[in-house]
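Bear in mind that the values in this text are calculations on the coordinates, not laboratory data. Predicted, not measured: the structure shown is a model, and the values here were computed from it. Cβ sites come from the backbone with ideal geometry, for glycine too, and all protein chains shown count toward neighbours.
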Amino acid sequence: MKYNGYLRVALTLLVALCLNLVGNGIIVQSALPSISLCDYIRPETTYQDLGLSFNYLFYDDPNISTEGDISKGSASGNYSYIYSNPDYSINLNSDATISLSDSDLAYDAYGAGRYNFYPIENDLFAFGGLRVDFSDGFSEIAGVRATTGTGYGRFKNVTPLVKSVLINEMLYRRDVISGNLPTETLKQIAQVIGAIDPETEIKKVVNEIVSLIEENLTGEVEELGPIEVLRTRELIEKRIDQRLCGWEVRGGIAYEILDPQGEKRDILVDAAARYAQPFTPYSQLLMEVDFASTFQITENFTVKGLTNYTHKFSENFDTEFEYSILYQQGEVDSFYHQNFSTNAEVQVSTNLTASANFTLTLDTSYEEMAKEITVGLSYDML
């Protein structure tokens, strides 16, 4: 029952925080053009994302001996990289979690790389890749698996079109335009932004985009003022969360170069599906499912699933929701692990951030669902 009380307190704080943000005008509803962010097309795109988190908890119970003290910490990180051109794409991803509770160390990590070759002018590809898994539960140092097969689909970084839409929103809020810019103009602006490289002179880019906008101005405003030009440049140069769009399905054969449990090295059936969609400039949905098994598919297999959704309500308020599941069926027994987490972050000042996190965890070894609520503050020194 005590968890229900904690949960009510946390939810009350989150609702009050949201109402406060709305009341102070921080969360602002605005008109966005009816354009799919996935409409951005460029022959060559690169996407990369890095996430790191750390936490530590120490509690010295004055009423109990040292056996009642709690000392635990954890760190997690993930990295994704995708490079795509008409002929091939490179996909890298990794995820790692390390936790230390008193003297017990637990870790779980993986790294995977894949090369997709597109032999014809569509999204059909052949692939080859390598995956390495590490875990404190393995009897071997690691599990190493090579895979090959075919699939269909492609991913692309659509951040340039996101910036184009944000420029349109800025002009609308400043009453420079009474409606949205034409869809084709938004796409042209995105192409200009997407072509920027380290050698590009940003002033020329701004001038080109300003000219595209002014060609579509109607009414009393005939050209952008200095403030609008400055805001346009700021949005072009601004570092924002990258947005990924696309999907793929693939299947093939995998070979265990090193079995993580020290058993015989099997040939496996390997299949996966991926999906990414930014519904607005402020949101991102990622979904993935992986399946691997021996040729005794119903008796020995592993299924992994992940759904992650992030939404940025304002410059100061971010939320994230994630659900993951792992199910392993062996010849003798089975194992499953489920985790749901929701996180909210509020930037109080330039370097100060407040956060609230709620997590539910359930797996085979638990008698009941584990619940954890964390509220904290972080300060950036640099």
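Under the definition of Cα pairs under 8 Å and six or more residues apart, what whole-number percent is the relative contact order of the stretch 168-327?
12
Which of 150, 77, 111 sits farthest toward the positive end of the charge dipole of the stretch 63-150, with +1 on the Cβ of Lys and Arg and -1 on the Cβ of Asp and Glu?
Of the options given, the answer is 150.
Translational diffusion coefficient of the chain at 10 °C, 1.306 mPa s, Stokes-Einstein with Kirkwood Rh over Cα pairs, in µm²/s as a whole number.
66
As I understand it, the value is the acute angle between the Cα axis of helix 159-173 and the longest principal axis of the Cα atoms of the chain; what does it come to in degrees, rounded to 10?
Roughly 50 degrees, rounded to the nearest 10.
Highest GNM mean-square fluctuation, the chain, Cα pairs closer than 10 Å: which of 304, 264, 187?
Checking each option, the largest mean-square fluctuation is seen for 264.
Under a Cβ-only charge scheme (Lys and Arg +1, Asp and Glu -1), can you give me the dipole magnitude of the chain about the Cα centre, in debye to the nearest 20?
On the way: 27 positive and 54 negative charges, 166 e Å.
Taking the Cα centre of the chain as origin, the dipole is about 800 debye.
Work out which chymotrypsin sites (Phe, Trp or Tyr not before Pro) in the chain are exposed loop sites (DSSP not H, G, I, E or B, at most 15 other Cβ within 10 Å) and give the longest gap free of them.
The answer is 1-278.
List the longest stretch of the chain that has no exposed loop site; here a site is one of the GluC sites (Glu not before Pro) assigned by DSSP to anything other than H, G, I, E or B, with at most 10 other Cβ within 10 Å. Please list the in-between numbers first.
Values: sites that count: 121, 199, 201, 220, 222, 263, 315, 331, 367, 368.
So the longest stretch without any such site is 1-120.
If you average the sequence gap of Cα pairs under 8 Å that are 6 or more apart and divide by the length of the stretch 245-382, what percent do you get for the contact order?
Worked out over the stretch 245-382, it gives 13 percent.
If the cut-off is 26 Å between C-alpha atoms, which lysines fall inside it for residue 264, apart from same-chain ones fewer than 8 positions away?
Result set, ordered by chain and number: 304.
Report Rg(Cα)/(2.2 N^0.38 Å) for the stretch 283-373, keeping two decimals.
In units of the globular-protein estimate, the stretch 283-373 measures up at 1.44.
Only Cα pairs under 8 Å and at least 6 apart count here; give the relative contact order of the stretch 81-136 as a rounded whole percent.
31
Sequence neighbours fewer than 8 away in the same chain don't count; with that in mind, list the lysines whose C-alpha is under 22 Å from residue 72.
2, 371
Quick one: helix 226-237 against the long Cα principal axis of the chain, what's the angle to the nearest 10°, folded into 0 to 90?
30
Over 5 Å intervals from 0, what percent of Cα-Cα pairs in the stretch 132-245 sits in each interval?
That works out to 2, 10, 18, 18, 13, 8, 5, 5, 5, 5, 5, 4, 2, 1, 0, in percent per bin.
For an R0 of 35 angstrom, estimate the FRET efficiency from the Cβ-Cβ distance between residue 81 and residue 222 and round to the nearest 0.05.
Once rounded, the FRET efficiency stands at 0.20.
Which residue, 200, 128, 353, has the largest displacement toward the positive end of the dipole of the chain when charges sit on each Cβ (Lys, Arg +1; Asp, Glu -1)?
After comparing all options, I get 200.
Report, ordered by chain and residue number, the lysines lying within cross-link reach of residue 163, taken as a straight Cα distance under 30 Å and ignoring same-chain residues fewer than 8 apart.
Correct list for residue 163: 187, 203, 204, 238, 312.
So for the stretch 201-263, what are the equivalent ellipsoid semi-axes in whole Å, largest first, each being the square root of 5 times an eigenvalue of the Cα gyration tensor?
51, 15, 10
How big is the stretch 33-189 on each of its three principal axes, counting only the C-alpha atoms and giving the largest first in Å?
Computed over the stretch 33-189, the largest-to-smallest principal extents equal 70, 49, 17 Å.
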